[in-house]
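Novice: Sharing a structure below in structure tokens format, with a few things to ask.
Since every read-out is calculated from the coordinates, none of them should be taken as a lab result. Given the structure is predicted, the values throughout are model-derived calculations rather than measurements. When we count neighbours, we look across all protein chains shown, and the Cβ atoms used for this are built from the backbone with ideal geometry, even at glycine.
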Amino acid sequence: MHQNLHLSLKTTCSTPALGMGSGGAYSEVCATAMDMANPLTSVMDLMRRLPPQKINHTLVDVISLKPEHCEDILSSVDQPLKIARDVHADRDYLLCDYNRDGDSYRSPWSNTYDPPLEDGAMPSESLRKREIEINTAFDQYREMYYEGGISSVYLWDMDHGFAGVILIKKAGNAKLASGCWDSIHVIDVVERPSAKISLYKLTSTVMLWLQTQRESAGYFNLGGSLSRFSERELPLGDSGVPITTSHIVNIGRMVEDNLNEVLLIRISALTFGVI
């Protein structure tokens, strides 16, 4: 049994590296999708219906059919997060387009690129300090709520304030079942210090899959993605409270609300409805 779960998919973050060799598993259905008038719309519609753990292979098929749309496809389709090792900090971190510059990726722990890059994009000094604090906060959140996994937060400067992405990955491979949870939260923050408020725009996307291959546990393969957009104006805190602390509280609350109130509830309803 295979079931795809999906709500409206938003453009968030993707990893550009593709797995080599697709085996043509979805070539026929991909070719059918490409016959439609708008190839990019067709691709997005197709990806909503295919297993997240096979997205890299599917993308190879799709891009081979429409190579002229390669950049648009890669920037629009969410892919499961990849893991790299920061040898300077001796910690794992997650890869996405937002910490990539060319073929190099920046670690949130040591703020260095791998492979090394002399003129890679960096947050300003003040924003880097904020990035460190938010990484620490979400690292604690991940450990408390996920009891493992990997998290990474990347920020970049904007004229109106700042923007960023919060990544969390938890994978498991037990005797009876294996699966993976990837959550991607893209945040845009418009700071209004004079009014002591900030406008937050958050797009959260969860990709998950779960499969069993043991008769004692039953055989099933369940996967899909869900997205949620929210926008709020929130206070920056009382006098004496650091602005970064207020941002951590506000962003953390919005991430939790998107996950708990919408994504997890709907995932549970859809999942238990098909099992």
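Novice: If I take every Cα pair under 8 Å that is 6 or more residues apart in the stretch 123-274, average their sequence separation and divide by the length, what percent do I get for the relative contact order?
Specialist: Details: 262 pairs, mean separation 23.2, N = 152.
Relative contact order of the stretch 123-274: 15 percent.
Novice: How far apart, in nm, are two points set 7 Å out from the Cα along the Cα-to-Cβ line at Ala171 and at Tyr146?
Specialist: For Ala171 paired with Tyr146, the spin-label model returns 1.2 nm.
Novice: For Arg48, enumerate residues with amide H under 5 Å from its amide H, sequence gap 5+ or separate chain, H modeled in the peptide plane.
Specialist: none
Novice: Taking a virtual spin label 7 Å from the Cα of Asn38 along the C-beta vector, which residues in the stretch 70-88 bring their backbone nitrogen under 20 Å of it?
Specialist: Residues 70-78 fall inside that zone.
Novice: Take the cross-link list Lys129/Lys196; Lys129/Lys201; Lys169/Lys201; Lys170/Lys196; Lys54/Lys170 and give me the ones stretching past 26 Å between alpha-carbons. Before the final figure, lay out the partial values.
Specialist: Working: Lys129/Lys196 21 Å; Lys129/Lys201 22 Å; Lys169/Lys201 22 Å; Lys170/Lys196 36 Å; Lys54/Lys170 17 Å.
Going by Cα-Cα distance, Lys170/Lys196 fall outside the 26 Å limit.
Novice: Quick check on the exposure proxy: order Ser107, Ser152 from fewest to most C-beta atoms within 10 angstrom.
Specialist: Details: Ser107 23, Ser152 29.
Ranked by crowding around the Cβ, least crowded first: Ser107, Ser152.
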